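Data block below; observations after.
No value in this document is a laboratory result; all are computed from the given coordinates. Quick caveat: nothing in here was measured; it's all calculated off a predicted structure. Reconstructed Cβ throughout: ideal geometry from the backbone, glycine too, with neighbour counts over all protein chains shown.
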Ligand code: NAD
Ligand code: TYD
């Protein structure tokens, strides 16, 4: 049995991980720590609120005193750290919050956990999982081989640079203090509870509303897509079987050009959504000004986690997209309130 704290557990991947954990390990004690920024949403966890061994705490990972108190009072043995500012376009508009949460916040958590772990005499089974991104490795050319765990870091956006900084800290805490940190670097996720600003939910919602589908640049940028439940299974595997001090790359083995992905979404929407305002939906595709510093291609070589820990993705892109679209169709009450005046303001800043 574990006593786990999941930071960022009200966000997209975090809430999927909380559901995964509560279903897979019903006897574990789960604490969620989340500041409920624009990206955090308590509705993602509403079905869990009556469980005895589940607790939600609203709080900031930069607040050292509260974290010290949480670790101690709940006798935590495992940290799954997902809290972050996570959207590249927002990091271009305002990088400060990214440095604060991703770098200073991760440092604060690491320091708090180090003191707590020392006070317990460094138990062998304690774990600190730091969840990161493949974007720290920079951008690949079409013929380059996929990122491995030894690919040099070359982050290009304020988001990826701040995540790279946090990865270095997590790594240093193992090498310097022997603290049981493990780092995962994952490719682009998609699935339920994904905030509307990201490519896949944004396109689904705009198709349903009959709004233009803004594709950056020439649409030929490539991402390696992973269904979020596959990512959660990978994180679970790493917590249970991963070795302290190691890094594991996680990817879907699903490289797709943005324009092809949007085309696939349009076709699936035409098939699955009743009464679309514009059909076929692909008429809505609009090429817009490129994102500054837009990375051309990401691809993950996930052979280490497959060979050493036995994890591999189960979902194909087409099936995963179908499930995701059906979720957005059946959960309009979830996403409609997120299109708030603040969100509209952000949307006009990015898309004009
Ligand atoms: P998200 O933006 O959906 O959720 C982030 C959560 O963190 C939100 O609930 C937010 O309220 C919370 N948060 C933000 N600042 C906080 C703070 N200072 N204190 C406490 N909570 C705070 O992000 P996501 O897509 O779920 O990503 C989760 C993690 O996975 C991030 O670390 C991200 O870098 C990493 N990751 C994401 C992807 C992806 O495709 N989304 C891929 C690889 C890695
Ligand atoms: P995103 O979901 O923001 O993830 P990331 O930038 O972290 O990979 O974007 C995925 C890809 O889609 C990326 O190449 C940028 C592109 N994109 C668009 O073309 N239009 C959009 O409106 C958005 C949000 C993204």
Extension gain from residue 104 to residue 148, taking 0.36 nm per residue of separation minus the Cα-Cα distance: 13.2 nm
Cα-Cα pairs of region 247-290 separated by more than 13 Å (percent): 64
Rel. contact order, % - alpha carbon contacts under 8 angstrom, at least six apart, the chain: 17
Stretch gain in nm, segment residue 177-residue 296, where the contour uses 0.36 nm per residue and the Cα spacing is subtracted: 39.1 nm
Angle between the chain longest axis and helix 258-272 axis [Cα atoms, degrees, rounded to 10]: 70
Cα long-axis angle, helix 12-24 against the chain (0 to 90 degrees, to the nearest 10): 60
Order of 134, 124 under a 10 Å beta carbon neighbour criterion, fewest first: 124, 134
Amide N of region 159-201 lying under 14 Å from the label point, which is placed 7 angstrom from the Cα of residue 47 along Cα→Cβ: 192-193
Over the chain: helical MRE at 222 nm, DSSP H runs n ≥ 4 each giving -39500 (n - 2.57), nearest 500: -11500 deg cm²/dmol
Rounded to 5, percent antiparallel among DSSP beta bridges of the chain: 10
Ranked 78, 176, criterion: other C-beta atoms within 10 Å, fewest first: 176, 78
Förster radius 25 Å - calculated FRET efficiency between residue 74 and residue 168 (Cβ-Cβ, nearest 0.05): 0.35
0 to 90° range, to nearest 10: angle between helix 64-73 axis and the chain longest Cα axis: 70
Gyration tensor verdict on region 1-118 (Cα atoms; rounded if a/c is under 1.5, prolate if a/b is larger than b/c, oblate otherwise): oblate
Region 1-25-region 238-282 distance, computed between alpha-carbon centres (Å): 22
Evaluated at q = 0.08, 0.12 Å⁻¹: base-10 log I(q)/I(0), Debye formula over Cα of the chain: -0.37, -0.86
Ascending count of other beta-carbon atoms within 10 Å, so fewest first, for 1, 264, 269: 1, 264, 269
Estimated FRET transfer efficiency (residue 343, residue 312; beta-carbon r; R0 22 Å; 0.05): 0.05
